[in-house]
1. Which whole-number percent gives the relative contact order of segment 169-258, counting Cα pairs below 8 Å spaced six or more residues apart?
2. For the chain, modelled as a Gaussian network with Cα springs under 10 Å, which listed residue fluctuates most, 197, 112, 28?
3. Which ³J(HN,Hα) values in Hz, rounded to whole numbers, follow from the phi angles of segment 116-121 under the Karplus curve 6.51 cos²θ - 1.76 cosθ + 1.60, where θ = phi - 60° and Gly and Pro get x?
4. Express the carbon and sulfur contribution to the solvent-accessible surface of the chain as a percent, rounded to the nearest whole number, probe 1.4 angstrom.
5. If you look for lysine pairs in the chain that are eight or more places apart or on different chains, how many of them have Cα atoms under 16 Å apart?
6. Any chance you could check the Cα centroid distance between segment 190-225 and segment 30-99 for me, in angstrom?
7. Report, for the chain, the % of DSSP beta bridges that are antiparallel, rounded to 5.
8. For the chain, what is the mean residue ellipticity at 222 nm derived from helices alone (per DSSP H run of n ≥ 4: -39500 (n - 2.57); sum divided by total residues; nearest 500 deg cm²/dmol)?
Amino acid sequence: MNDNTVKKCLGKVYLVGAGPGDPGLFTLKGKGLLECADVVVYDALVSAAILQMINPQAEKLDAGKRRGRHSLSQDEITQLLIAKAQNNAVVVRLKGGDPFVFGRGGEEMADLVKAGIKVEVVPGVTSGIAAPAYAGIPLTHRDYSSSVTFVTGHEGAGKYRPIVKWRAIAHGSETIVVYMGIHNLAHIVEQLQLAGLSANTPIALVRWGTRIEQEELIGTLTTIVKQVEISQFSAPAIAVIGEVVNLHHILPSYRPIM
C-alpha cells in the first residue's frame, strides 16, 4: 500500500474540551461527537457523567495523567491518536476543561497535523472561569478588576514548562487565576509578595470546581499556606488572587445536580 492510499484511510481526530466537570457545561457539539465516536482517549479529570455519554460501542482508552502516576507520556498519547486515526473514522481526544488552555492541545494539534492527520478542535469551558463562577467570584468587576491573567502554577524544567515570571504577573492585572498551583502554592505566594503584592491580598482556592464535591478555601497571601496545611486541602484546584475574592460571600456556592 503506497503513502497516498494510507492517507485516504486516515480518520479525523477531534480535540474536545470536556469542561470542568458539570455535564451541563459540556457543549452540544462535544456530546454529539462522543455519541458517534469510534475511539475516545480521555483524561483523568473528565467527569464520570460525561464519560457515560460515550458511544457504548466505542473503544475507550484512559490516558489520564495525575501527579506522581502518569498512565501514558505525552509522546505515547500522540502516537496512540495517530495509530487509531489510521483505522477509525472518528477519534475523540477528550480533555478536561479546554484543549488550548493549559491542556497541551496545541502540542497534540501540531504533532497530528505533522503526521498528516485531520484535526478539529472543539472548545470547552475552562475551569479557570467556571470554578470561580460556581464559587460566586466574578473575575472582572467595574469596581475591582478590569483585567485577568491566567497562569500555570505547575513549573518545572523541560521543553514544555517555561519558568513563570511571577514578578511581572503580580502587576500585570488586578485578578490572577492560577491553574495547578496547589503543590507550588508556598513558592507562588512568596514570589507575589516579593513582587509587591500586599500580604493581605485575598486568595480563594476552589477544589473540584463545578462538581458536587466542590469546596472553597478563602484566605490571604499570608494565611493561605497554613490554611491548606491545617485543612489538608488538596489538588485539583484553581487559585483566584485579587480583590474580587471579597465578593465570594454574596452568592452561595452553586452545586450541580449530577
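The values are calculated or read from the model by the stated rules, or taken from the named source; none is laboratory data. Treat the numbers as computed from the prediction; the structure is a model and nothing was measured. Ideal geometry is used to build each Cβ from the backbone, glycine not excepted, and the neighbour counts take in all protein chains shown. Keep in mind that these areas ignore ligands, DNA and RNA; they rest on the heavy atoms of the full protein, side chains included. Shrake-Rupley method; radii C 1.70, N 1.55, O 1.52, S 1.80 Å.
1. After rounding, I find 38 percent.
2. Ranking 197, 112, 28 by mean-square fluctuation puts 28 first.
3. x, 8, 6, 9, 9, 9
4. Its accessible area is 54 percent carbon and sulfur atoms.
5. Step by step, the pairs that qualify in the chain add up to 18.
6. Segment 190-225 and segment 30-99 have Cα centres spaced 32 Å from each other.
7. Of all bridge pairs located within the chain, approximately 45 percent are antiparallel.
8. It comes out at -7500 deg cm²/dmol, rounded to the nearest 500.
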